[in-house]
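One structure is given below, encoded as structure tokens.
Derivation of every value follows stated rules applied to the coordinates shown; laboratory data play no part. Computed from a predicted model, the values in this text were never measured in an experiment. Counting neighbours? That spans all protein chains shown, and the Cβs are built from the backbone with ideal geometry, glycine included.
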Amino acid sequence: MTKNKENYFDQVYQVVKLIPKGRVTSYGAIANYLGLKSGARMVGYAMNSSHSQPDIPAHRVVNRAGVLTGKHHFETPFKMQELLEQEGIKIEKDKIIAFEQHFWDPIELEKTL
DNA sequence: AGTATGACGTCTC
DNA sequence: AGAGACGCCATAC
């Protein structure tokens, strides 16, 4: 398979789809889980490509500060905040309140095993 | 084909 | 302690 580019792009999609409802994670957390400590940018960029994926809750992925940096890439800049609020997450000034409280890390998956 | 930029994060000065 | 620059891999022009 020469064109089988299972980049960590696909890995990111899998992890993002595994994010439990009402929980959020950060780009760095995913990158760290995949082993890319500095590849946080790629995680976010993968989200940009997430338009090719049907079930990518990109609204559950925010930056390290819990800020909805990518909200502008959604259907509407308010869609991201709306989706998060629907899951019980409060947002203020595009920032998640009690971010660490809703923070979820893919590492917990293996840790729970 | 090469350059520039990007939904971030960490290191260094 | 605050500000600036770099790194990561891929896509776009």
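Brief remarks on what is shown
- Failed item, numbered, when residue A:43 is tested on (1) surrounded by 15 or more Cβ atoms within 10 Å (Cβ to Cβ); (2) more than 7 Å from DNA strand B (Cβ to nearest atom): (2)
- Candidate set: the stretch A:44-63, residues that are in contact with a strand residue (DSSP E or B) (Cβ under 8 Å, 6 or more places away or on another chain) and in a helix (DSSP H, G or I); chosen: the one farthest from residue A:98 (Cα to Cα): A:47
- Lone unmet requirement of (1) assigned to a loop (DSSP other than H, G, I, E, B); (2) within 14 Å of DNA strand C (Cβ to nearest atom); (3) free of Cβ contacts under 8 Å to residues at least 24 places away in the same chain; (4) of a type in the set (D, E, K, R) for residue A:41: (1)
- Where a residue in the stretch A:78-99 is more than 12 Å from residue A:66 (Cβ to Cβ) and its partner, wherever it lies, is among the polar types (S, T, N, Q), with Cβ under 9 Å and at least six apart: A:82/A:76
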